[in-house]
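Inspection log for the structure reproduced underneath, given as structure tokens.
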Amino acid sequence: MPLDRVKHGPWAVVTGASSGIGEAFARRLAAEGLSLVLVARREELLLRLADDLRAAHGVEVRAVARELSTDDAVTKLTQAVGDLDIGLVVSNAGTGIPGAFVRSGQQEERAIIRLNVTTPMELARAFGARFAERKAGGLVIVSSAMAFQGTPYMANYAATKAYALVLGESLHEEWKASGVDVLVVAPGATDTPGKDLFPIDYKKLPIKWMQPELVVESALASLGRRPVVVPGARNHLVACLGSGLWTRSRVAALLGEFARRAIPAERL
Ligand SMILES: NC(=O)c1ccc[n+]([C@@H]2O[C@H](COP(=O)([O-])OP(=O)(O)OC[C@H]3O[C@@H](n4cnc5c(N)ncnc54)[C@H](OP(=O)(O)O)[C@@H]3O)[C@@H](O)[C@H]2O)c1
């Protein structure tokens, strides 16, 4: 399904664009003819991707290297793009720390809340106000299949993704009448470089990896049509387990069992 370039263009902002799902969004949106603002910390990756996208699709690209877990991250980002007509924001940058809840550092968990909760909330406020003025726009918030129930040993991460889910569902309804589309994408296991940042023995888990391009495909096919999408039939079924076939607590117990198998003992 092609993107509505009038409503969602001419510029899109993608956070976490240097890798994984964010990079796949950037590549696909450029192929659709949108100009792009690429945001993440690793400037060299952003600059390389910017060159690729300009050469392949003839679009304009601005790389904005930023740490997104600081108090002033969104203020600085909105200043950096104040001159651009932004029609779409993909709020994708996010991370988590697997392991027992009390073992990780308080500062690290706080930074995760800033990156996964506060920054997406502030992005939605800043760009939502602009979209309301132009009576058109789109906001895609990347949550996770972990948002649908408690997830032992990823407790803070799962809670931040539940926030993202409910924020997006709420704004979908609130902004619908003003011509602004809001979509929450809740991916299951996706084969990105991000998964290798964690010392998890994935061979011990019943995972079927999805490619990031398919996550993006599913998101763009759903934008403006529904509030939430869980890409992939298998992931969709698992996400539905807690709200019908099983109870949420039963799904959480199963996820806890899987985590105890795959996370190294010293982190449990
Ligand atoms: N992969 C999965 O299985 C999966 C499943 C469900 C949901 N998700 C969600 O999908 C999103 C993308 O994850 P991914 O799997 O594509 O991971 P990834 O390959 O590690 O990409 C994460 C992106 O976020 C950026 N980022 C991380 N911390 C940042 C910070 N403090 N400030 C600015 N940028 C930061 C990274 O860039 P820099 O390092 O250059 O800053 C990178 O571009 C995340 O929100 C994640 O929670 C992933």
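Nothing in this text is a laboratory measurement; each read-out follows from the coordinates by a stated rule. A quick note: this is a predicted structure, and the numbers were derived from the prediction, not measured. Counting neighbours? That spans all protein chains shown, and the Cβs are built from the backbone with ideal geometry, glycine included.
Values for this structure:
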item: Residues that are in contact with a Lys or Arg (Cβ under 7 Å, 6 or more places away or on another chain) and part of a helix (DSSP H, G or I), drawn from segment 74-87; result: Lys76, Leu77
item: Filter result (part of a helix (DSSP H, G or I) and either touching a Gly at 6+ places or on another chain (Cβ under 8 Å) or acidic (Asp, Glu) (or both)) within segment 165-194; result: Glu169, Leu171, Glu173, Glu174, Trp175, Pro193, Gly194
item: Number of the exception - Asp4 against (1) within 16 Å of the ligand (Cβ to nearest atom); (2) surrounded by fewer than 19 Cβ atoms within 10 Å (Cβ to Cβ); result: (1)
item: Qualifying residues in segment 195-238 (those that are among the polar types (S, T, N, Q) and in a helix (DSSP H, G or I)) - the one farthest from Gly22 (Cα to Cα); result: Asn235
item: Qualifying positions in segment 145-154 - buried (at least 24 other Cβ atoms within 10 Å of the Cβ) and either β-branched (Val, Ile, Thr) or at positive phi (or both); result: Thr151
item: Pair list, Cβ under 7 Å, 6 or more apart: segment 144-155 residue over 17 Å from Gly168 (Cβ atoms), other residue small (Gly, Ala, Ser) and outside any helix (DSSP H, G or I); result: Gln149/Gly242; Tyr153/Gly99; Tyr153/Ala100; Met154/Gly96
item: Pick from segment 215-237, criterion hydrophobic (A, V, I, L, M, F, W, C) and more than 12 Å from the ligand (Cβ to nearest atom), ranking: surrounded by the fewest Cβ atoms within 10 Å (Cβ to Cβ); result: Ala233
item: Tally of residues being under 14 Å from Ala252 (Cβ atoms), within 12 Å of the ligand (Cβ to nearest atom), touching a helix residue (DSSP H, G or I) at 6+ places or on another chain (Cβ under 6 Å) and not hydrophobic (A, V, I, L, M, F, W, C) across segment 145-160; result: 1
item: Every residue from segment 68-102 that is touching a residue at least 60 places away in the same chain (Cβ under 8 Å), within 13 Å of the ligand (Cβ to nearest atom), farther than 14 Å from Arg125 by Cα and not polar (S, T, N, Q); result: Ala93, Gly94, Gly96, Ile97, Pro98
